[in-house]
Amino acid sequence: MHAVGFYHEQARKDRDKYVDIKWDNIEAGARDQFFSYSWNMVDEPYDFGSVMHYDEFMFSRNAVKGLWTIRAKPEYEQQVAVDSATRKLGQRMGMSLKDVAKVNRMYKCAGKAQRECGATVAEAVPSSTQISQISMTSEAVKIDLATTEATALTADLDSVENEYEVGSDGHLAVGKVIWNINKNVKFELRTDGNAVLTRICDGSVIWETRTSNPRDDPLQSVHLERSGNLVLRSLSGAVVWSSGTTGQSFSGSTLLVTNLGTLCIFKDDVCLWDSGGLGQCQKFPLEEFESSTIMMISGRTIKPGRSILSAQKNCKLSLQLDGDLVLRRRCDDAEIWSVRHGAGRSFNLGNEVNDKIREFKMATDGNLIMRRESGGEDFKVVIPDAEGADLRVNSNCQMCVFKDGLCLWTAQSLTNRCT
């Protein structure tokens, strides 16, 4: 089901209602395999019998000694027996009935004839009371394998240091790298002072701090402070860039690279801050954005002093009179995303008095353009193949440049603590 766009079942945003994670039992470097995301691919009931659900000892540091990593909450143990063909988490006999429903719903194929929609997922492994193993073939779902982008490794991955995270109060020095578990996205601080996420599939930079070494005061490392704030400091200690993630909820966090191709500040089984960006080469539909608020379409602009509200009026994108562009969430007054002037900002226009935005525009090519008050070079978020896209915001106030059912780019996001 990865091939048709699904993540693991236990990565759902609502998974903590149904399962417990034993973080101390997870093997080193595998914690990000147990992330929960801030969205569900489709809104279907939790499926303990999904072929995409981990078993009880997945990534255990010692399964022989019974160190479990994931279990159903006691009140759902009977539901596991009902859902799963093996009466346990992690069955691999085939797709469950709920798996079938999810795939057909995502691709809008349920109830359609094959000639209308291509081959659909029409069979599933039975429940524990109807076990009969089935065979999965390439015709089970409509996939054109010839157009699936292959991962072309452009580096000898075994030749680099095997690092997967930066712990609380940890540093990532210039020249060092951390990887996601699949080792197809890396994060590093380059010698020019720019911290970047790079995907291996095509070598593209998919997210960056857009920083450079100050004159005679070079950047030394990326530092995840004890407070949970991710910062770039120069040799003299000056803050050049910051994620702005401070407070008790972020204290003691860990920095990881996710398999989605984003940076994550992670604590207590939740990705509290997600960098967003262009993500991986292969993209999959996100149902939550299909019906979300369209904030901007090609050619629309925002002038200083003007704002755009989401349909529920919980998310507000404003070009402030001080020249800063800010997306704010009403329920907790959290600043979700911004482009500001002055050092230490997540997107920094510059430090000069006229480094302010006089117009924010979504261009016809889908790029996001911030025109400077000084008349200098535009500040741009460049998004490949985005012509005709629109800018949307979900219920968590995360923005997405959306086209043909896919998010081509996402803004950074903060976990919603309001609900």
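The values are calculated or read from the model by the stated rules, or taken from the named source; none is laboratory data. Quantities reported herein were computed from a predicted structural model and do not represent experimental measurements. No Cβ is skipped: glycine too gets one built from the backbone with ideal geometry, and neighbour counts run over all protein chains shown. Remember, those area values only see protein heavy atoms, side chains included, never the ligands or the DNA or RNA. Shrake-Rupley method; radii C 1.70, N 1.55, O 1.52, S 1.80 Å.
I need a count of the residues in the stretch 260-308 that are over 26 Å from Thr364 (Cβ atoms) and among the basic types (Lys, Arg).
1
Suppose the filter is assigned to a loop (DSSP other than H, G, I, E, B), hydroxyl-bearing (Ser, Thr, Tyr) and under 22 Å from the mean Cα position of the chain (by Cα); does Ser395 pass it?
On the way: assigned to a loop (DSSP other than H, G, I, E, B): yes; hydroxyl-bearing (Ser, Thr, Tyr): yes; under 22 Å from the mean Cα position of the chain (by Cα): yes.
So Ser395 passes the test.
Restricting attention to the stretch 19-53, which residues are of a type in the set (Phe, Trp, Tyr), in a loop (DSSP other than H, G, I, E, B) and either in contact with a Phe, Trp or Tyr (Cβ under 6 Å, 6 or more places away or on another chain) or open to solvent by 10 Å² or more (accessible area, probe 1.4 Å) (or both)?
Tyr37, Trp39, Tyr46
Which of the residues that make up the stretch 253-280 are among the β-branched types (Val, Ile, Thr) and touching a helix residue (DSSP H, G or I) at 6+ places or on another chain (Cβ under 8 Å)?
Thr254, Val257, Thr258
Considering only residues that are under 22 Å from Glu352 (Cβ atoms) and open to solvent by 10 Å² or more (accessible area, probe 1.4 Å), which ones fall in the stretch 319-333?
Gln320, Leu321, Asp322
Hey, can you tell me all the residues within the stretch 135-152 that are under 22 Å from the mean Cα position of the chain (by Cα) and either open to solvent by 90 Å² or more (accessible area, probe 1.4 Å) or modelled with pLDDT of 85 or more (or both)?
Glu149
Could you check, for the stretch 30-37, whether at least one of its residues is under 20 Å from Lys98 (Cα atoms) and either at pLDDT 80 or above or of a type outside the set (A, V, I, L, M, F, W, C) (or both)?
Yes; the residues of the stretch 30-37 include at least one that is under 20 Å from Lys98 (Cα atoms) and either at pLDDT 80 or above or of a type outside the set (A, V, I, L, M, F, W, C) (or both).
What are the residues in the stretch 55-93 that are buried (at least 20 other Cβ atoms within 10 Å of the Cβ), assigned to a loop (DSSP other than H, G, I, E, B) and touching a Lys or Arg at 6+ places or on another chain (Cβ under 8 Å), if any?
Thr69, Leu89, listed by residue number.
Count, please, the residues in the stretch 170-196 that happen to be over 18 Å from Asp216 (Cα atoms), part of a loop (DSSP other than H, G, I, E, B) and either open to solvent by 20 Å² or more (accessible area, probe 1.4 Å) or not polar (S, T, N, Q) (or both).
Residues that pass the stated criteria total 6.
Being under 24 Å from Asn213 (Cα atoms) and open to solvent by 40 Å² or more (accessible area, probe 1.4 Å) is the filter here; which residues of the stretch 227-279 pass it?
Result: Arg233, Leu235, Ser236, Ala238, Val239, Gly244.
Residues checked against (1) open to solvent by less than 10 Å² (accessible area, probe 1.4 Å); (2) of a type in the set (Ser, Thr, Tyr); (3) at positive phi; (4) free of Cβ contacts under 8 Å to residues at least 12 places away in the same chain:
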position	(1), (2), (3), (4)
Arg358	no, no, no, no
Met362	yes, no, no, no
Ser374	no, yes, no, no
Glu377	no, no, no, yes
Cys400	yes, no, no, no
Cys407	no, no, no, no
